[in-house]
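*Asks:* Just dropping this structure here.
Please treat every number below as a calculation from the coordinates, not as lab data. As the structure is a prediction and not an experimental result, all values here were calculated from the model. As a convention, Cβ positions derive from the backbone with ideal geometry for all residues, glycine included, and neighbour counts pool all protein chains shown.
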Amino acid sequence: MIPALMPTYNRADLAFERGEGAWLYATDGRRFLDFAAGIATCSLGHANPHLVAAITGQAAQVMHVSNLFRVPQAERLAERLVANSFADSVFFCNSGAEANEGMVKAIRRAQAKSGHPERTRILCFDGAFHGRTLGMLSATGNATYLDGFGERAPGFDHVPLNNMNAVRDAITPETAGIMLEPIQGESGIRAADRRFLTELRAACDEFGLFLGFDEVQTGMGRTGRLFAHEWAGVTPDVMSSAKGLGGGFPIGAILATEEVARHLVAGSHGTTFGGNPLACAAGNAVLDVLLAPGFLDQVNDRAALLGRLLDDVVRDFPEVFSERRGMGLLIGLRCVPKVGEVQAAARDAGLLVVTAGDNVLRLTPPLVITEADCEEAAARLRQAATAVRSTVLEAAQ
Ligand SMILES: Cc1ncc(COP(=O)(O)O)c(C=O)c1O
């Protein structure tokens, strides 16, 4: 019989009753170090007192009023995002896929309203992941995710990442913009080269296209800067954010320059829940922490320490790991055996991690991890790798 909860996920047989910082406590009494963080979402860890106080305080005041009225919490969050990014204006929604849908709408509308209604196509990249709505499935382009869902939504073209010749060849008079993750997450923590990003910006300027960054996973401090594109010094025209923005509370955002945003006039785009007082209270609490002096430096210090510790694990277990990838606290460890086996062994060792494409183990810990958390994670991963190695060696005999 089908379960009441639709079976769309391969869930581990684990449930949690409480969390604290980077730790999760399961209903069966076990304690896990959470280096999944809700897939790069619980940026402040679990039960962060400041975030909890902001959410409970706001819930006790007013949760939702609709966008028929001013929402001061949203105005404040938007102003702070604008003050700390390339953007001039922000639209709030509820998820990453929805933010990306809005980003594509913003690009198309800006082209249409500035005299180019024929420019509707978006150039995307092989290996991308932009979400599961019908539109974003087509932007993602992965045949597995599209299976059984009918025709692809039109308007998305795909080329290989880091190949500027392919990009230039694919640009047509109907191209409206280029959309990419500065570091592809789902397909295995694959970074766009800095030079490639610079050349994409130049091509957009040359052909009158808009550059859109999907920073749903890479943004909000995950790579050690507020947004990953800052490392490359390349500025988009529009960007999506979600995941870490609410620290676990659902909220997404489209951030755009005035040139793009000014065409999203009243009535052109909207959502019931987007930017409600509760979600924006969460977003403001997250920003309080991320923007505090020294916080992102601390993220970079932790990332450097964790990187060193993980490099030692990779070096000591060549039968299990072949490579470390990523930036900041968005880390990939390419596995030799099937990544699912390594993930299961890590779980047995009390460490929660995520998988990604290209046989990569993905580590996306809370941004607030301590040095002790990093040491503990490396020790647990070492324990997992020891178990996997003995299975691999046994199988070889
Ligand atoms: C880069 C990127 N874009 C978009 C999404 C979709 O976000 P959501 O699941 O909130 O719709 C994800 C989710 O993993 C993502 O990693």
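*Asks:* Could you list, in sequence order, the residues of region 232-256 that are more than 13 Å from the ligand (Cβ to nearest atom) and in contact with a strand residue (DSSP E or B) (Cβ under 7 Å, 6 or more places away or on another chain)?
*Replies:* Pro236, Asp237, Val238, Leu255, Ala256
*Asks:* Is region 153-168 home to any residue that is in a loop (DSSP other than H, G, I, E, B), under 20 Å from the mean Cα position of the chain (by Cα) and closer than 20 Å to Ala106 by Cβ?
*Replies:* No, that holds for no residue.
*Asks:* What is the residue count in region 192-229 for residues that are more than 11 Å from the ligand (Cβ to nearest atom), among the aromatic types (Phe, Trp, Tyr) and without any contact (Cβ under 8 Å) to a residue 60 or more places away in the chain?
*Replies:* 2
*Asks:* Look through Ala60, Ala4, Ala53 and report the one residue that is away from the ligand (no atom under 16 Å from the Cβ), in a loop (DSSP other than H, G, I, E, B) and surrounded by fewer than 20 Cβ atoms within 10 Å (Cβ to Cβ).
*Replies:* Answer to the selection: Ala4.
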